[in-house]
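Enquirer: Have a look at this one before I ask anything.
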Ligand code: 5GP
């Protein structure tokens, strides 16, 4: 089968549990690489530089844009977020499946630039559950939470542009489902053109 990794975008409403799912997925399987984004928002307690995000000033971020160092970027609730290019390209070449945990505007830009990208959207079982998770996280003010719910309303409009919707009800089941979808994706014939060509050549006795 072809070696190059798959570029995967994972989106979902803030509070849908994307972070936890991806952490588990990366712990369990070693074919994944998670891209670390740059952002101008302030770190939340416990978030480390270079692990959660690369935290940047507005100026620094705009310089990265100017130098074309980002595959995509977007503004989300008053802050810039963007995907650094170098890491993604390097890991794909190594054969890793690279995951971008980004919001919908970025997802659409990535799909336009790289049409082979797999788009996954993680949803909570219900909106009531989403609100409960956002409030119980306890890291944001009510005002920020309201902002995120408003944003979710916008994002819901684009859910049908994703390849798969994954409901995050039970964590382990959800992690397995994500993994199985990606495994299936690897078998798509358009991702294995090199393999097909080799078979044809061998059959011709070359
Ligand atoms: P948070 O502030 O909760 O960490 O992230 C807010 C939103 O920004 C989430 O929906 C997250 O997926 C998205 N996000 C994180 N990094 C990027 C990025 O590099 N590009 C884009 N477009 N969105 C991002």
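We did not get these values from a lab; they are worked out from the coordinates using the rules stated. Please read these numbers as outputs of a predicted model, since none were measured by experiment. All Cβ positions, glycine included, derive from the backbone under ideal geometry; neighbour counts span all protein chains shown.
Enquirer: Roughly how tilted is helix 104-113, in degrees to the nearest 10 and between 0 and 90, from the longest Cα axis of the chain?
Expert: 20
Enquirer: Can you give the extra length, in nm with one decimal, that the chain gains between residue 20 and residue 58 once fully stretched, where that is 0.36 nm per residue apart less the Cα-Cα distance?
Expert: Length gained, residue 20 through residue 58: 10.9 nm.
Enquirer: Arrange the peptides 28-39, 146-157 so that the one whose residues have, on average, the most other Cβ atoms within 10 Å appears first.
Expert: So the order, starting with the most tightly packed, is 28-39, 146-157.
Enquirer: Now for a different question. Quick check: residue separation of residue 172 and residue 68 times 0.36 nm, minus the Cα distance between them. What number comes out in nm?
Expert: Between residue 172 and residue 68, full extension yields an extra 33.7 nm.
Enquirer: Let's test this: bin the Cα-Cα distances of the chain at 5 Å from zero up to the farthest pair and state each bin's percent.
Expert: Using 5 Å bins, I get a P(r) of 1, 7, 14, 18, 20, 17, 11, 6, 3, 2, 1, 1, 0, 0 for the chain.
Enquirer: Under the 0.36 nm per residue contour assumption, what length would be gained going from the current alpha-carbon distance of residue 137 and residue 156 to full extension?
Expert: Separation in residues times 0.36 nm, less the Cα-Cα distance, equals 4.7 nm.
Enquirer: Give me 76, 164 sorted ascending by neighbouring Cβ count inside 10 Å, so fewest comes first.
Expert: By the 10 Å Cβ count, ascending: 164, 76.
Enquirer: Something else about it: Could you give the nm distance between label points at residue 116 and residue 165, where each point is 7 Å from its Cα heading toward the beta carbon?
Expert: 2.9
Enquirer: What is the spin-label model distance, in nm, from residue 126 to residue 196 if the labels are put 7 Å beyond Cα along the C-beta direction?
Expert: The answer from the label model is 4.6 nm.
Enquirer: Still on this structure: Counting only C-alpha contacts under 8 Å and six or more residues apart, can you give the relative contact order of the chain as a whole percent?
Expert: Answer for the chain is 31 percent.
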